[in-house]
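Q: Starting off with a structure, shown below.
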Amino acid sequence: MPSAAGRRRNDGPGFTAASAEPTLKPRTRRKAAGTKPPMQTAVLGSFIKHRTERNWPTWSGRIEGETKSRLLQKADDDAESSGRNLMPGHYLDAALRLVKDLSPEELAAIANEWLIDKWSGEHPPGVSIQAGVSPDMYQFLKGLKRHLRGQRGAGSGGLILDVVSAAVDRFLDAADDEGPFPPAR
């Protein structure tokens, strides 16, 4: 019999390696993959893409003022609750990914619905925004005026402001419903 110091917990009469197997538990993660809420998953995807690719250009454009304030506040709040360096561009990038494949008519419909709901149909004043977005979302924004050609207000850039603001507002509404971003660890 081994000394007390050299004994293992399972040493004893009848101990075999096979008898120890049921007591060994596989290491599990705290959360199963895919259990994060969808908007947080989208932001985390943009965050990781930004951190790993390091090639995000800065988009300079216009967005409705209250939407910009919400965007900045959400990024700050989630950065604090998660301990991650979440930036407004991560949210803008994630929001645009949800609308990038829509037709010009669908994008105009989203913008018009947003205008009616938030502004009673009046066109809002825009404020400047600069945010880093992924190269593919930068190209989407750069080509948005051409993509929306033939839709109401597309030539003046007003529709672009409405589309971007509507996409971000919708995204932030859904993200707010998910609650604060959980800690990274």
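The values are calculated or read from the model by the stated rules, or taken from the named source; none is laboratory data. All figures in this text were calculated on a predicted structure; none of them were measured in a lab. So basically every Cβ, Gly included, is an ideal-geometry build from the backbone, and we count neighbours across all protein chains shown. Quick note on the areas: whole protein, heavy atoms, side chains included, nothing else; ligands and nucleic acids left out. Shrake-Rupley method; radii C 1.70, N 1.55, O 1.52, S 1.80 Å.
Q: Which entries in K68/K100; K36/K145; K36/K142; K36/K74; K36/K118 show an alpha-carbon gap greater than 24 Å?
A: K36/K145; K36/K142; K36/K118
Q: Select from V133, L98, L86 the residue farthest towards the positive end of the dipole of the stretch 48-185; place +1 on Cβ of Lys and Arg, -1 on Cβ of Asp and Glu, and compute about the Cα centre.
A: V133
Q: Could you pull the accessible area for S60 with a 1.4 Å probe, rounded to 10 Å²?
A: Estimated to the nearest 10 Å², S60 gives 70 Å².
Q: Just want the answer: with Cβ charges of +1 for Lys and Arg and -1 for Asp and Glu, which residue in T58, S69, I116 is farthest toward the dipole's positive end in the stretch 40-120?
A: Of the options given, the answer is T58.
Q: Can you put M137, M39, M87 in order of accessible area, largest first, using a 1.4 Å probe?
A: Result of the area sort, largest leading: M87, M39, M137.
Q: For the stretch 102-109, just list the computed ³J(HN,Hα) in residue order, Karplus coefficients 6.51, -1.76 and 1.60, θ = phi - 60°, integers in Hz, with x standing in for Gly and Pro.
A: The phi angles translate into 6, 6, x, 5, 5, 5, 5, 5 Hz.
Q: Rounded to the nearest 10 Å², what accessible area does E113 show when all protein chains are kept and the probe is 1.4 Å?
A: 110
Q: Moving on. If you average the sequence gap of Cα pairs under 8 Å that are 6 or more apart and divide by the length of the stretch 31-159, what percent do you get for the contact order?
A: The value is 36 percent.
Q: Can you put K142, K36 in order of accessible area, largest first, using a 1.4 Å probe?
A: K142, K36
Q: If you don't mind, another one. What shape does the stretch 31-185 take by its C-alpha gyration tensor, where a ≥ b ≥ c are the square roots of the eigenvalues and a/c under 1.5 counts as rounded, a/b above b/c as prolate, and the rest as oblate?
A: Since a/c reaches 1.5 and a/b is larger than b/c, the shape of the stretch 31-185 is classed as prolate.
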